[in-house]
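S.K.: Sending over a structure as structure tokens; questions will come in a sec.
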Amino acid sequence: QVQLVESGGGLVQPGGSLRLSCAASGSIFSINAMGWYRQAPGKQRELVAAITSGGSTSYSDSVKGRFTISRDYAKNTAYLQMNVLKPEDTAVYYCNALVRSDWFKAAVGSWGQGTQVTVSA
């Protein structure tokens, strides 16, 4: 079993910055990829950014150039640095990880509990 714990959310003014963290723990042999999703009220959950085990990154068009995803492989932790935040970035942000619990097992996706990010003056 894998646990993902997010932290770093909060209230910030437009133009401000926040850094989210996602720490994975439990039965981890390897982590194939980690990603950040967000869900605003009344909207579907959407992928914001992802990073593979090799360090390749991808971003949604809405955050490209403003957000940066990174990983600390030794700590099984992913980060999302969010700059130039806009009111439309307001959402609950969820961490996702594709984790293999052993060398012979397929990767399984796990979700964190989410952290609220509110961008408002």
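S.K.: Which number in (1) more than 14 Å from the chain's Cα centre (by Cα); (2) crowded, with 18+ Cβ neighbours inside 10 Å; (3) among the hydrophobic types (A, V, I, L, M, F, W, C) marks the one condition that residue 36 misses?
M.R.: It fails just one condition, (1).
S.K.: If you don't mind, there's one more thing I want to ask. Return the residues of segment 93-106 that are open to solvent by less than 40 Å² (accessible area, probe 1.4 Å) and either of a type outside the set (Ser, Thr, Tyr) or more than 14 Å from residue 38 (Cα to Cα) (or both); say none if nothing qualifies.
M.R.: Within segment 93-106, 95, 96, 97, 99 qualify.
S.K.: Does segment 7-33 hold any residues that are exposed (fewer than 14 other Cβ atoms within 10 Å of the Cβ) and either over 14 Å from residue 82 (Cα atoms) or β-branched (Val, Ile, Thr) (or both), and which are they?
M.R.: 25, 26, 27, 29
S.K.: Among the numbered criteria (1) open to solvent by 40 Å² or more (accessible area, probe 1.4 Å); (2) β-branched (Val, Ile, Thr); (3) in contact (Cβ under 8 Å) with a residue 60 or more places away in the chain, which single criterion is violated by residue 57?
M.R.: (3)
S.K.: Sticking with this structure for a sec: Of the conditions (1) farther than 18 Å from residue 31 by Cβ; (2) under 11 Å from the mean Cα position of the chain (by Cα); (3) open to solvent by 40 Å² or more (accessible area, probe 1.4 Å), residue 65 fails just one. Which one is it?
M.R.: Of (1) farther than 18 Å from residue 31 by Cβ; (2) under 11 Å from the mean Cα position of the chain (by Cα); (3) open to solvent by 40 Å² or more (accessible area, probe 1.4 Å), only one is false for residue 65: (2).
S.K.: Taking strands (runs of 3 or more DSSP E) that do not extend beyond segment 1-88, which have at least 2 residues that are farther than 20 Å from residue 118 by Cβ?
M.R.: Values: elements: 2-7, 10-12, 18-26, 30-39, 46-52, 57-59, 67-72, 77-82.
Passing ranges, in order: 2-7, 18-26, 30-39, 46-52, 57-59, 67-72, 77-82.
S.K.: Here are some conditions: (1) out of contact with any Leu (no Cβ under 6 Å at 6 or more places or on another chain); (2) touching a residue at least 40 places away in the same chain (Cβ under 8 Å); (3) not hydroxyl-bearing (Ser, Thr, Tyr). Residue 36 meets all but one. Which one does it not meet?
M.R.: Failed condition: (1).
S.K.: Also: Kindly provide the set of residues from segment 69-86 that are open to solvent by 70 Å² or more (accessible area, probe 1.4 Å), of a type outside the set (Lys, Arg) and closer than 21 Å to residue 46 by Cα, ordered by number. Working first, answer last.
M.R.: Keep residues of segment 69-86 that are open to solvent by 70 Å² or more (accessible area, probe 1.4 Å), which gives 73-75, 84, 86.
Retained after the next criterion (residues that are of a type outside the set (Lys, Arg)): 73-74, 84.
Hit for segment 69-86 is 84, nothing else.
The values are calculated or read from the model by the stated rules, or taken from the named source; none is laboratory data. None of these values were measured; they are calculated from a predicted model. With ideal geometry, Cβ positions are generated from the backbone for all residues, glycine too; neighbour counts draw on all protein chains shown. Heavy atoms of the whole protein, side chains included, go into the accessibility calculation; ligands, DNA and RNA do not. Shrake-Rupley method; radii C 1.70, N 1.55, O 1.52, S 1.80 Å.
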